[in-house]
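See below for the structure under consideration.
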Amino acid sequence: MAFLAPAFLALAVLAGVPLLVHLLRRKIGRTVDFPAVRYLARMEQEHSRELKLRNRMLLLLRILAVIALALAAARPIARLFGVGHAPIALAVVLDNSMSTGVARDGRVLFDSLRGDVRGLLAQLSGEDRAWIVTADGRVIGGTATTLEQSLAAITPLGGRGDLAVATQRAVGLARSGAPRTPVVAMVSDGQRSAFRTDSLVDAGDVPVVLLQHGASDVRNRAIVMAEPSPVRWTPGGDVSLAVVSPDSAAWRLALDGRTVARGVVPAATAQAPSRITQRLASSSNGWIRGSVELDADALRADDTRWFAVRVAPPPTVAIRTQGGPFLSAALGTLVDEGRLTRGSESDPRVVTVSSAEADGTRKPVLLTAPADPLQVGSANRQLTRLGIPWRFGAIARGVVVARVPSRGGVADSTSPTALAFEGTTVRWRFPLVYSPGASSETAGASAGAAAPNTASTALDTIATAGGAPWVVAGDGYVLLGSPLDADATDLPLKAAFVPWVLEALARRLGDDGRLITAVPGAVVTGLRDVTALERPDGTLLPTSGDRVTVPSQAGVYFLRRQAARVGALVVNAEPAESELAGTGTSSADGNTLIASLVKGADVRAEATSASWQRTVFALAEGQALLLPLVALALLALIAEAWISGR
């Protein structure tokens, strides 16, 4: 037996009050002999057995009433008789991933899932605790009425979500409702890709019951890729598309809502989609929202895929030979392709590319370490003159591997920076020392000490080598701790070197801002200078700090710094969400599916909504004894009143 409010068991001590009163009434004072009293004594002796039985019955009934009320106040649960189900701590995992928005037989599948959950909520009592956990991990708690109201506002996400995280959270919530019986109830479309996980969720002794609805018979068309190249158009560029369709499909490509290209693709599978590269040009300037669309089908959410580009003249650079032949060749290639133009250092908008010891440079600058170690003093004096808060330390030799720091615990693996620097071999370098306001002599004496662990230092560090900053960036500068020479590092030999140079000149030293691609619900970092996200409808979503949770709906969200657009966050669903292949709807198929996500003492699947609901509440161990105990106390009091009145 368990108690929901065990503190009220203390009321049971009141059962001693009737016994105390009974004992006090038996106390006999001084005996006085009167004839009338002798007559009464004879009568009492004749009826003493009946009176003792009556008094004891009254005593027992009063004690029983007090104990029953104390137990009822403690709200017990036991494997005995009772009325209704035992109090339950129910966490409902509602799969609202993008694929649940598919329409079948004139009804959206998610409406069916929502109806199943509504049936569960209707059976909850005031003793129960319940939560709804959606596929993106959002938790909604409250009374059954509150949950039903919140349920109506839940809609399918713009992406996959994470059922494993949602289930893990639901298990924890169900456990928190002790001593109520913990149960996790899942309802899903049964999409196989959603149940794939790197590690199983351990539910332990918490029962998990799955109800799945299949949608594998739906024919779906989807755009699984739309990528611009390059990100900065001057003013033209390419858009690469990938389309999956069971038959031929017409597509449209739009820039800022205006259709600029059309075409038709043949039938293609998810394993071998139809691929197209479309050449475009824009007469507009600035950040542009682009989309590729298909005709509407059963799953509307994947009929549009978003991208963003910035249309602007190419960045202008002034190239000094001190940067080395590799850097000069990379810049020359970008100039020949029209992605950069040459300019004069006298223009304040021109980025100067040089070695750090060169005289007469001005911000914005991209500087490399001097090839001659004897020039470190001159280089540090130039850094001081430019107001750059970093200095070259003493030379460090020996092969080390460069690393790109994670931001907020999130590793970067796809950006030009990560592709260029992560894993790059460095043979010799000048570890960079964070020394705002320090002299060159002070910095040189640091002998390569790492920068202090401050927030500003960490945010400025692009890559480290040997544990010390190796490439850093800040307001108007990018600084490398090695010369761009094959003897010092393999960086200029990597294919990602030229794209990184363009990214550094256009975004870090220019005005391109940042282009981020993400899936709904992900966390992106490095947005400390962003004040708001501009939604597709033009409204603003204020942001603060370095981390931002990606909106749950697909689209292009421009990064705003006050009134200026400084980048774009492109949100699209995972391509796997368009693969509607699921399992059968039998309980055996469901058991196989849930076993790929959850392990535990009692993990099962049900084939119908009715059996799912019955199983969930049947798992509630025992019955609630509140009403039977209250009824017992009332019967005891009624019997006591009847006997007392005789």
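Among M98, M225, the ranking by other beta carbons within 10 Å of each residue's beta carbon, starting with the fewest, stands as M225, M98.
Ordering 150-157, 636-643 by mean Cβ neighbour count within 10 Å, with the highest value first, yields 150-157, 636-643.
Across the stretch 260-406, the convex hull enclosing all Cα atoms gives 227 Å³ per residue. Averaging the Cα positions of each part gives two centres, and for the stretch 127-180 and the stretch 342-372 these lie 56 Å apart.
Using 1/(1 + (r/R0)^6) with R0 = 60 angstrom and r between the beta carbons of A329 and D202, what's the FRET efficiency to the nearest 0.05?
Details: r = 55 Å, r/R0 = 0.92.
Step by step, r from the Cβ atoms, then E = 0.65.
Among F430, F326, the ranking by other beta carbons within 10 Å of each residue's beta carbon, starting with the fewest, stands as F326, F430.
Rounded to the nearest whole Å³, what is the per residue volume of the convex hull around the Cα atoms of the stretch 217-312?
Numbers: hull volume 7.7 nm³, N = 96.
Convex hull volume per residue, Cα atoms: 80 Å³.
Report the trypsin sites (Lys or Arg not before Pro) located in the stretch 294-390 that are in a DSSP loop and have at most 11 other Cβ atoms inside 10 Å of their Cβ, or state none.
Working: sites: R300, R305, R310, R320, R339, R342, R349, R362, R381, R385; in loops: R320, R339, R349, R362.
Answer in residue order: R349.
Set the Cα radius of gyration of the stretch 514-574 against 2.2 N^0.38 Å, with N its number of residues, and you get 0.97.
Using the average count of surrounding beta-carbon atoms within 10 Å as a protection proxy, the listed peptides 283-290, 158-165 rank, highest first, as 158-165, 283-290. Cβ crowding within 10 Å ranks R107, R561, R169 as R107, R561, R169, fewest other Cβ atoms first.
Each reported figure results from applying straightforward, stated rules to the coordinates on display, with no laboratory input. Quantities reported herein were computed from a predicted structural model and do not represent experimental measurements. Heads up, the Cβs are rebuilt from the backbone with ideal geometry, glycines too, and the neighbour counts pull from every protein chain shown.
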